[in-house]
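The structure under discussion appears below in the form of structure tokens.
The values are calculated or read from the model by the stated rules, or taken from the named source; none is laboratory data. Just so we're clear, the structure is a prediction, and the values are computed from it rather than from any experiment. Cβ: placed from backbone, ideal geometry, glycine included. Neighbour counts: every protein chain shown. What goes into the accessible areas is simple: the full protein's heavy atoms, side chains included, and nothing from ligands, DNA or RNA. Shrake-Rupley method; radii C 1.70, N 1.55, O 1.52, S 1.80 Å.
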Amino acid sequence: MSLETVTTIAELRDRLRPGRQAGKSVGLVPTMGYLHRGHAALVDRARADNDVVVTSVFVNPLQFGPNEDFARYPRDLDADRKLLAAHGADIVFAPSVEAMYPRPIATHIEVEGLSARLEGERRPGHFRGVATVVGKLFNIVQPDRAYFGEKDYQQLQVIRRMVDDLSFPLEIVGVPTVRDVDGVALSSRNIYLSSSERAAAPVLGRSLAAAADAIRAGTVDPRAIDTVIRGVLAAEPLAEPDLVAIAAANTLEPIDPKVPPPAIALMIAVRIGRTRLIDQRVVATA
Ligand code: PAF
């Protein structure tokens with residue numbers, strides 16, 4: 001089947017109805033577009049698991065703060081369509097902001113606690129915007145499965161909790177981060193980096209690798225892990241840490257070194273020039 005582009009909610013529902021009535025499974029890959037190999041890995045996984053694969057391409061204004069990059073966030077639907085066709089997606093849902101939100105939205109989904117901590121403290125309202133648009137996409141598409149990158153680790157936990165709390169009838173599938181050969185996690189925002197900034201970006205992965213080594217050697221005190229990460233980041237003059245978060249991987253609760261969790265999530269956000277890059281790693285404790 002060739003890739004179809006759909007831009008309205010009504011059209012998408014009409015398009016999906018016959019397949020659903022015939023018992024076909026639907027996989028959804030929500031994205032904000034400017035797709036790269038990381039997104040392709042999500043589509044490949046959805047393609048392997050489902051009869052019908054829908055990818056949404058929507059830069060969601062609800063999840064951007066007033067001083068963030070909504071207006072300049074990169075967009076290229078033609079290139080996205082090529083990647084999606086090459087990876088066997090069936091439908092790209094690319095609505096305008098007006099098609100998604102015909103009037104200012106008054107109803108939001110707030111995953112309390114989890115949304116306010118860590119990255120949520122740095123970006124107030126961000127996870128509320130994510131949960132709201134993802135919940136809306138789930139209602140529009142009614143997928144059997146939805147696919148998210150582990151790079152946005154806290155986002156994945158917020159979505160899992162929302163699905164659990166509100167009994168959305170679908171499975172959430174987390175897909176490992178895809179990296180360039182030098183270890184830099186693929187991100188649509190990497191396009192913002194100048195060549196010297198791009199050369200500095202592997203420091204994020206190096207700092208997480210050093211912390212993973214420390215954890216595997218028995219370090220579970222979050223302050224000691226924080227020092228390892230910041231020490232590596234400090235050696236790169238262009239890198240300015242914005243967030244270094246160390247938490248229990250399954251709950252994102254703070255770690256008590258006396259009762260270490262089975263796995264530790266390391267989540268960092270680092271400014272390189274004007275660009276805020278994030279990376280993540282989950283490490284099993286000894
Ligand atoms: O991860 C993203 O690209 C976005 O946060 C998502 C899940 C598509 C919601 O807009």
Scoring the chain by relative contact order with C-alpha pairs under 8 Å, at least six apart, yields a percentage of 17
The size of the Cβ-based charge dipole (Lys, Arg +1; Asp, Glu -1) of segment 107-188 about the Cα centre, to the nearest 20 debye, is 140
Output for segment 91-179: GluC sites (Glu not before Pro) sitting in coil per DSSP, at most 15 other Cβ within 10 Å, listed by number, reads Glu110, Glu112
So, over other residues within a Cβ distance under 13 Å of Ala209, counting Lys, Arg +1 and Asp, Glu -1, the net charge is +1
Projecting the Cα atoms of Ala79, Tyr153, Gly65 onto the charge dipole of segment 1-156, where Lys and Arg contribute +1 and Asp and Glu -1 at Cβ, the residue farthest towards the positive end is Ala79
For the chain, one quarter of the surface area of the C-alpha convex hull, expressed in nm², comes to 15.3
Between the alpha carbon centres of segment 7-64 and segment 167-201 the gap in Å comes to 19
From DSSP H assignment alone, runs of 4+ in the chain each adding -39500 (n - 2.57), the sum over residues rounded to the nearest 500 puts [θ] at 222 nm at -11000 deg cm²/dmol
If every Lys and Arg gets +1 and every Asp and Glu gets -1 at its Cβ, then about the Cα centre the chain yields a dipole, in debye to the nearest 20, of 180
Net charge near Val175 (other residues with Cβ under 10 Å of its Cβ; Lys, Arg +1; Asp, Glu -1) is 0
Listed by chain and number, the aspartates and glutamates with an alpha carbon less than 19 angstrom from that of Lys24, same-chain partners under 8 positions apart left out, are Glu4, Glu11, Asp14, Asp44, Asp49, Asp51, Asp90, Asp144, Glu171
When every protein chain stays in place and a 1.4 Å probe is rolled, Thr31, Thr8 sorted by accessible area with the largest first are Thr8, Thr31
Of all DSSP beta bridges with both partners in the chain, the antiparallel percent, nearest 5, is 50
If every Lys and Arg gets +1 and every Asp and Glu gets -1 at its Cβ, then about the Cα centre segment 13-156 yields a dipole, in debye to the nearest 20, of 260
Note, Ala234: beta-carbon cut-off 15 Å, +1 each Lys/Arg, -1 each Asp/Glu, net -1
The distance between the Cα centres of segment 205-269 and segment 82-98, in whole Å, is 36
Filtered hits (lysines, Cα-Cα < 24 Å from Lys151, offset >= 8 within chain) -> Lys82, Lys136
Taking a straight Cα-to-Cα line shorter than 12 Å from Lys258, and setting aside same-chain aspartates and glutamates fewer than 8 residues away, one finds Asp221
The answer for trypsin sites (Lys or Arg not before Pro) in segment 208-273 that fall in a DSSP coil and have at most 13 neighbouring Cβ atoms within 10 Å is Lys258
